[in-house]
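Participant: There's a structure below that I have some questions on.
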Amino acid sequence: MAREVTDQMNRTIRLEGIPRRIVSLVPSQTELLYDLGLNEEVVGITKFCIYPEEWFKSKNRVGGTKQVNIEKVKALQPDLIIGNKEENTVEDIEALEKIAPVWMSDIYTYEDALEMISLLGNVLGKENESTTICAGIELEFKKLPVVDSKKVLYFIWKDPDYLAGKSTFIDAMISKAGFENLCKDDRYPELKELTENPDFIFLSSEPYPFKKEHAEEFQNRFPEAQIVFVDGELFSWYGSRMKFFPNYVSELI
């Protein structure tokens with residue numbers, strides 16, 4: 001039965017029943033589709049959708065998150081394409097909308113992520129599964145330890161030195177972990193002059209591959225800070241992977 005659904009960008013899309021041929025353009029949401037119990041329904045993913053491993057090896061790849069191969073998507077004849085405002089380009093999404101309905105997520109906070117899981121559960125006929133996933137995430141986050149707030153700078157790139165700032169999901173996870181993000185600018189600004197010294201420097205595992213020599217350099221630049229390599233996926237992937245974040249942070253602290 002045809003129905004209309006609303007995505008997180010407040011766009012209304014029309015679906016002809018429950019989607020049976022899905023293309024996912026976001027790695028964390030691809031993993032969520034797997035955890036929702038979908039398999040044959042997912043016919044296309046990006047080259048960055050590395051989880052689950054069996055899908056990465058077997059599913060059709062339609063390019064990158066910001067360089068989608070439109071013709072490959074068209075050949076897969078999807079009845080739903082799932083994207084994200086930050087991960088995908090406006091040009092790609094506009095082209096893909098000519099092929100099939102496109103459901104977009106728009107995530108900045110912990111609450112946004114849970115909403116995305118719930119909404120997709122409804123769109124895909126997996127309400128019970130999405131409810132279970134959300135409940136499991138919420139249960140794990142209640143276990144986060146209460147810690148004295150420590151100041152942190154979270155680096156995502158080197159030369160130029162880009163940080164995760166406000167209005168990002170990473171910032172939301174930094175706050176959930178009990179840290180204070182010293183970067184007060186929005187999105188992903190370049191490092192500027194600091195008025196406070198950080199207690200921690202977080203070097204993310206993605207998108208830049210920070211290594212030991214970078215840690216030594218940052219230690220020289222911030223001699224009073226503790227340099228920590230952190231799992232970028234756990235700080236930035238909104239979806240079912242969130243359930244692992246609280247335990248990871250507890251061990252990190």
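Participant: Enumerate the pairs (first residue in segment 211-225 and in the same structural domain as Asp199 (by TED's automatic domain parsing); second residue anywhere and part of a helix (DSSP H, G or I)) with beta-carbon separation below 8 Å, excluding pairs fewer than 6 apart on the same chain, so at least 6 apart or on different chains.
Facilitator: Taking only residues 6 or more apart or on different chains, the pairs are Ala225/Phe218; Ala225/Gln219.
Participant: Among the listed residues Ile117, Ile81, identify the single one that is assigned to a helix (DSSP H, G or I) and either within 13 Å of Gln29 (Cβ to Cβ) or touching a residue at least 40 places away in the same chain (Cβ under 8 Å) (or both).
Facilitator: Details: Ile81 fails: assigned to a helix (DSSP H, G or I).
Checking each option against the conditions leaves just Ile117.
Participant: In addition: Looking only at segment 211-253, filter to residues that are part of a strand (DSSP E or B) and in contact with a Leu (Cβ under 9 Å, 6 or more places away or on another chain); which one of those is farthest from Tyr110 (Cα to Cα)?
Facilitator: Looking only at segment 211-253, we keep the residues that are part of a strand (DSSP E or B), and these are 226-230.
This time we only want the ones that are in contact with a Leu (Cβ under 9 Å, 6 or more places away or on another chain), so: 227-230.
Details: Ile227: 25, Val228: 23, Phe229: 22, Val230: 19 Å.
Filtering segment 211-253 for residues that are part of a strand (DSSP E or B) and in contact with a Leu (Cβ under 9 Å, 6 or more places away or on another chain), the one farthest from Tyr110 (Cα to Cα) comes out as Ile227.
Participant: Would you call Lys72 charged (D, E, K, R), exposed (fewer than 13 other Cβ atoms within 10 Å of the Cβ) and outside any loop (DSSP other than H, G, I, E, B)?
Facilitator: No, not satisfied.
Participant: Here's something else I'd like to know. Just to be sure before I move on: is Ile201 of a type in the set (Val, Ile, Thr), under 30 Å from Ile22 (Cβ atoms) and touching a strand residue (DSSP E or B) at 6+ places or on another chain (Cβ under 6 Å) in the structure I sent? Show your work before the answer.
Facilitator: On the way: of a type in the set (Val, Ile, Thr): yes; under 30 Å from Ile22 (Cβ atoms): no; touching a strand residue (DSSP E or B) at 6+ places or on another chain (Cβ under 6 Å): yes.
No.
Participant: Okay, next question. Of the numbered conditions (1) in a helix (DSSP H, G or I); (2) surrounded by 15 or more Cβ atoms within 10 Å (Cβ to Cβ); (3) out of contact with any strand residue (DSSP E or B) (no Cβ under 8 Å at 6 or more places or on another chain), Tyr51 satisfies every one except a single condition; which is it?
Facilitator: For Tyr51, the exception is condition (1).
Participant: Quick check: anything in segment 3-23 surrounded by 14 or more Cβ atoms within 10 Å (Cβ to Cβ), without any contact (Cβ under 8 Å) to a residue 40 or more places away in the chain and under 22 Å from Tyr238 (Cβ atoms)?
Facilitator: No, segment 3-23 has no match at all.
Participant: Could you check, for segment 86-95, whether at least one of its residues is of a type in the set (D, E, K, R), part of a loop (DSSP other than H, G, I, E, B) and not assigned by TED's automatic domain parsing to the domain that holds Phe235?
Facilitator: yes
Participant: Separate question: Considering only residues of segment 89-109 that are polar (S, T, N, Q) and in contact with a Lys or Arg (Cβ under 8 Å, 6 or more places away or on another chain), which is farthest from Val68 (Cα to Cα)?
Facilitator: Residues of segment 89-109 polar (S, T, N, Q): 89, 105, 109.
Now narrow it down to the ones that are in contact with a Lys or Arg (Cβ under 8 Å, 6 or more places away or on another chain): 89, 105.
Details: Thr89: 9, Ser105: 17 Å.
The selected residue is Ser105.
The values are calculated or read from the model by the stated rules, or taken from the named source; none is laboratory data. What you are looking at is a predicted structure, and each value in this text was computed from that prediction instead of being measured. Note that we place each Cβ from the backbone using ideal geometry, even for glycine, and neighbour counts take in every protein chain shown.
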